[in-house]
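K.L.:
Encoded as structure tokens, here's the structure I'll be asking about.
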Amino acid sequence: MRQKPNPLFRMMCANLLLMTAVARFNLAVMRTIEFDTRQVTQPDVALMPDGKTLIFTMLGHLFRLPVEGGSAEQLTFGPCYDTDPAISPDGGRVAFVSDRDGSEGNIFILDLGSKQVSLLTKEARAGRPAWSPDGKTIVYKRFEPHNPGSTRAVVCRIPLAGGEAETISSPLRFFGSPFYLPDGRLAWSFSERDSKTSRWTTCVEAVNQQGLASTLAAFEGSADRVLPCPSGDGFYFRRRGASPMGLQPDEIVFLSIPDGKERMILPANGTTGTTRPVFAVAPDGKCLYFGQSGRLWKVLLPAGARLPIPMEAHVKLEVESVTPPPAAMLSGSSVAPRWIMTPRLTPDGKTLIFGAAGFLWRQQLEGGQAERISSGDVYEDGPSISPDGGRLAYIRLQGILSSLVVLDFKIRQTRSVASGGYYSEPGWSSDGGKLVFGEFGSTGNHISVISLADGKKEQFANVELARMGLWSPRPHLTVDGRWLYYTADTSGKGEFYRLPLKEKGKAEMVTGFSRHVSDGQVSPDGKWLAFRRNKEIWIAPLGRLPVTDDQTRQLSVEGGDSFAFTSDSSALIFSAGSHVWRQPVTGGERRQIPVRLELPRPTPKPLLLRGVRVLNFESGGFGSPTTMFIEQGRISWIGSESGRNIPSDAEAVDCAGKLVIPGLFDFHVHAGGANHASLIAYGVTSARDVGGSITGFNALKDRSESGAGPIPRYFFSGEIFEGENPTWGDGFLQIYDEPDAREYVRRFKEWGADFIKIYPALPWPLQHAVADEAHRLGLPVAAHAFTVEGITKSVTWGCTTLEHGDSEQEFDDVLQMLSQSGTRWVPTLAVDGADALLLRDEPERLSDPKFRAFTPEGNIQEALFGSYMRSVDDTTLRGSVMSLLARVGEAHRRGVKLNAGTDPSNPECFFGPSLHWELARFVQAGLTPLEVLRMATEESAAAVGAADLGTLAPGKIADIVLLSADPLADIHNTEAIWRVIKGGWLFDPDKLRAQSPPAEAKK
Ligand SMILES: [Zn+2]
């Protein structure tokens, strides 16, 4: 292992025109890691025409191996990902797909004699090369670009001697494999889904010289990797398993052309990637070769018996060094809020209403401090002032109960107008008699309207909101009441719509932009459309429809999140960070509106914990009973009280028989809408949020520091970086190009992100750009790596953590790569089946009183009926979980750094309880209880740069859990929680529970 500075992409690329790619990226610190392995994860396998040698892929590089096995030779090198090999008819060259040119993937040619690599295609994203029988051309798939999740493509052909590629199929289809039949004809397979039945079928076509296609075969299911049988009388293909989570096995099938009959050869384990590894058929048709379960196999035909092929390889990888976490800022000294949210001006222009620290405030513009509009320990959001200025509609979240309320300023009374669901920003009718709002709940996602006079609520049934749960609608009515405006993603891109409020009115699109729209708002005078795009505010005149790109301009230079028109339509009020601005809509100087708010910084009173037994990681056990003194939120001393100066205001707590562990970390949550008290009640004093609102988490941090409320410390990424075809709607950033990618990393650093989270929906080159910019700024990157490609690329780019796991992705080659690179693995067992299995085995956990007190009924219902695993039978699920646990155990033995994270608010993942279930799973995987506790405390703290957390020693922040039973004797005893202390504030879980609304109120 050595370190050397090395420009990215230097290796093997000298003969390519790559100067642009190299210039874009920094001179990253590259490391070479080397190891020997006998396992290979999900290899592509190709066979030499003589049938004697295999070419296979491992960790994004090509290797060569005799078919009988032995020592494999690495053929390609460098910080790039090579895959999908196809060998030329003369056996001298290998076509393969690689990102070594900085693209999403292009076809390259490796000359096996000289080992030279050359670029063949110049596509945004190409794949699946196949050689013509004369070796002079290659057919391949040109995928639709910028959409990594899509396998839609056209088939193209390119001459090896040079020249342009020609398209030989249209339109875009789900092509499987283009290939040549033994008689020399070109053929291809494509799959189609019936929109009514959702069933997939696959068709194989032969293509004649004129490009006309004729059907050779058709069969049920979606097939990948169709290969002709050498005798020409059939095909081998890999049919995808039915389970959406990839848990039902694929199968390798032979289809006989003469009689159209199928013969199953053998099951092949499912994978969660969009493509499947290549397999190869011997020239004599007597066997096929493929990879599975970490090994290469020879499968005898037609029987299907399989024999392992012994393989050992020396692997050499070039990867970027992992960015260590910067020192975490655990508490702010400033009393000014970090972030001002939802600024609004009253119609008379005299009062500013805004959100800070999760509370709503109002402030006279002419002077005086801001004051809360309400009281109590609720979360308040989405303020909307009535047209006459007399009332304020907003959302309240208390414990697990959310409601839409209206505050009457004059009589200072608040009443609830809707509760039980989740609501988004309400809008008023011009007469102040109605509210429109987004409503999300067990009955679906709707835009609703409620009459404030009689409480009658209706849904706009004629509004199509296919993806509304993922897209904030921010509905509002025109002054004349004739139109409803809202934002939605019904076409694959967020657009702004209007619905005429008349019998059988049909919604129409107001915008026709090349990029997405969020939170569209029309000015009260109807002349302007303002909207948010990621964290920018844009405006356009609202004249002729649709509104197009050329009419828009960006209104906020430094970005902004929340905005509203002034009542006279002359300006927009918006916030960016801790500043509020008033920007005239016609352009010109913006003016700052000063916010006069100082948040309190209370200090907990000193605590004297008597009779505690303290966990010491060095000695590996709990000490004998002693006293722990906590002052100013930190552990002051541990030991005998004699000779100590104990302040008179110290609260002495009798902790006889209690065991003290450091506060627990959940390393993977999405806690934006969480009942934070649940985490504290379950001893989770710190949580790493891997995808949520960056403004929301800044507000939460303000809230946490300005009170004694039960809120964990959050280490957060803010919004996930996604591409223009996002998985999770407008809750996350949609990054379109490299300048965008880099700009948002810089902004997020400025806005307090502890790390950056990237998602597979972001095309690979943009993921790389994000990782590169984050590196430059010293920000760690968390990658969502579901596939061996994702894992390998993330490691190559120096990502700090890999989130999630899969029982088929982590064999010795991957684990050694992780171990040597230092990239941490957060396997999130809970969301990947472990919690689903636990709740099948022990359903009574859902009726535990503590669990029910802190868990919204909707989440319990979701666990019962909306499980990701509901189509997976018990045996398959158990097999998958046990296999994943085995991989985790292997990873630990190989020195891979692990973290315990659970992934709520996904189905069957719960804020608090799931972490304890996760810890027990790690013990089941082979870690000792002590190792597990250390991982979930000290090592997690170190992994987020929080040196003051995670251990119990004088000077450390007092985040601790007091247990009434020994977790080293039985890990399940981490659930025996007596008290929880965060930053010196003492919490009694029973009291927190009593503050939670009664069960009947949850319905
Ligand atoms: Zn997640």
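The values are calculated or read from the model by the stated rules, or taken from the named source; none is laboratory data. A quick note: this is a predicted structure, and the numbers were derived from the prediction, not measured. Quick reminder, even Gly has a Cβ in these numbers, built from the backbone with ideal geometry, and neighbours come from all protein chains shown. Heavy atoms of the whole protein, side chains included, go into the accessibility calculation; ligands, DNA and RNA do not. Shrake-Rupley method; radii C 1.70, N 1.55, O 1.52, S 1.80 Å.
K.L.:
Gap in Å between the Cα centre of the stretch 411-425 and the Cα centre of the stretch 626-663?
P.N.:
Comparing the Cα centres of the stretch 626-663 and the stretch 411-425, I get a distance of 44 Å.
K.L.:
Hey, another quick one. In the chain, which longest range has no GluC sites (Glu not before Pro) that are both DSSP loop (not H, G, I, E or B) and surrounded by at most 16 other Cβ atoms within 10 Å?
P.N.:
Longest gap between qualifying sites, sites excluded: 642-1003.
K.L.:
If the cut-off is 19 Å between C-alpha atoms, which lysines fall inside it for Lys136, apart from same-chain ones fewer than 8 positions away?
P.N.:
Here the lysines satisfying the reach criterion relative to Lys136 are Lys122.
K.L.:
With just the Cα atoms defining each centre, how far is the stretch 193-259 from the stretch 822-885? Give it in Å.
P.N.:
Going from one Cα centre to the other spans 34 Å.
K.L.:
May I pose another question? Using just the Cα positions, wrap the chain in a convex hull and report its mean projected area in square nanometres, one decimal place.
P.N.:
Mean shadow area of the hull around the Cα atoms is 42.6 nm².
K.L.:
Taking the alpha-carbon distance from Lys316 and a cut-off under 19 Å, which lysines remain once sequence neighbours fewer than 8 residues away in the same chain are dropped?
P.N.:
Within the straight-line cut-off, Lys316 pairs with Lys4, Lys115, Lys793.
K.L.:
Something else about it: Which ³J(HN,Hα) values in Hz, rounded to whole numbers, follow from the phi angles of the stretch 980-985 under the Karplus curve 6.51 cos²θ - 1.76 cosθ + 1.60, where θ = phi - 60° and Gly and Pro get x?
P.N.:
10, 10, 10, x, x, 8
K.L.:
Right, here's the next one. Where a Cα-Cα gap under 18 Å defines reach, which lysines qualify for Lys493, not counting those fewer than 8 residues away within the same chain?
P.N.:
Hits, sequence-local ones excluded: Lys535.
K.L.:
Which three lengths, in whole Å and largest first, does the stretch 169-321 cover when its Cα atoms are put on their principal axes?
P.N.:
Sorted largest first, the three principal extents are 48, 37, 30 Å.
K.L.:
Rounded to the nearest percent, how much of the accessible area of the stretch 708-862 (1.4 Å probe, protein heavy atoms only) is carbon and sulfur?
P.N.:
Values: 1820 of 3620 Å².
Accessible surface attributable to carbon and sulfur in the stretch 708-862 totals 50 percent.
K.L.:
If you roll a 1.4 Å probe over the stretch 338-475 with all protein chains in place, what percent of the accessible area is carbon or sulfur?
P.N.:
Exposed carbon and sulfur together represent 47 percent of the surface.
K.L.:
Using only Cα atoms, locate the centre of the stretch 353-372 and the centre of the stretch 916-956, then give the distance between them in Å, rounded to an integer.
P.N.:
Rounded to whole Å, the Cα centres lie 40 Å apart.
K.L.:
By average Cβ neighbour count within 10 Å, what is the ranking of 420-432, 51-63, 825-837 from highest down?
P.N.:
On the way: 420-432: 19.9, 51-63: 23.3, 825-837: 26.5.
Top of the packing list down: 825-837, 51-63, 420-432.
K.L.:
Once the Cβ-Cβ distance between Glu34 and Arg893 is put in as r, and R0 is 22 Å, what FRET efficiency do you end up with, to the nearest 0.05?
P.N.:
Computed FRET efficiency for Glu34 and Arg893: 0.65.
K.L.:
On the protein heavy atoms, probe 1.4 angstrom, tell me the percent of accessible surface of the stretch 43-130 carried by carbon and sulfur.
P.N.:
That fraction is 48 percent.
K.L.:
Further question on the same structure: Please report, in whole Å³, the volume per residue of the convex hull around the C-alpha atoms of the stretch 844-887.
P.N.:
Convex hull of Cα atoms, per residue: 101 Å³.
K.L.:
Amide H of Arg93 versus every other amide H placed in the peptide plane: which residues, excluding those fewer than 5 positions away on the same chain, fall under 5 Å?
P.N.:
Amide H neighbours of Arg93, under 5 Å, 5+ apart: Ser88, Leu112.
K.L.:
Could you sort out which of Lys749/Lys982; Lys410/Lys504; Lys434/Lys991; Lys527/Lys757 sit more than 28 Å apart by Cα distance in this structure? Let's see the in-between values first.
P.N.:
Numbers: Lys749/Lys982 26 Å; Lys410/Lys504 40 Å; Lys434/Lys991 39 Å; Lys527/Lys757 38 Å.
Lys410/Lys504; Lys434/Lys991; Lys527/Lys757, as the Cα separations exceed 28 Å there.
K.L.:
How big is the equivalent ellipsoid of the stretch 920-980 along its three axes, where each semi-axis is √(5λ) from the Cα gyration tensor, reported in whole Å from largest to smallest?
P.N.:
Taking √(5λ) for each Cα gyration eigenvalue gives 21, 16, 8 Å.
K.L.:
Using alpha carbon coordinates only, what is the Rg to Rh ratio of the stretch 722-875, with Rh defined as the Kirkwood radius?
P.N.:
We get a ratio of 1.04 for the stretch 722-875.
K.L.:
Go ahead and collect, in residue order, the members of the stretch 175-214 whose backbone nitrogen is under 11 Å from a label point 7 Å along the Cα-Cβ direction of Ile257.
P.N.:
Taking a point 7 Å out along Cα→Cβ of Ile257, the residues of the stretch 175-214 whose backbone N falls under 11 Å are 181-187, 205-207.
K.L.:
Along the positive direction of the dipole of the stretch 933-1001 (beta-carbon charges: Lys, Arg +1; Asp, Glu -1; about the Cα centre), which of Ala947, Ala969, Gly984 reaches farthest?
P.N.:
Toward the positive end, the furthest listed residue is Gly984.
K.L.:
With charges set only on the Cβ (+1 for Lys and Arg, -1 for Asp and Glu), what does the dipole of the chain come to about its Cα centre, in debye to the nearest 20?
P.N.:
Computed charge dipole of the chain: roughly 980 debye.
K.L.:
Mind listing the long-range amide H neighbours of Val45? Cut-off is under 5 Å, sequence gap 5 or more, other chains count too, H placed in the peptide plane at 1.01 Å from N.
P.N.:
Val278, Phe279
K.L.:
Still on this structure, I have one more. Give me the accessible area per residue for the chain, probe 1.4 Å, as a whole number in Å².
P.N.:
38 Å²
K.L.:
For Met509, Met935, write out the residues from largest to smallest accessible area, computed with a 1.4 angstrom probe and no ligands counted.
P.N.:
If we order Met509, Met935 from most to least accessible, we get Met509, Met935.
K.L.:
How much accessible surface area, in Å² rounded to 10, belongs to the heavy atoms of Trp764 with a 1.4 Å probe?
P.N.:
40 Å²
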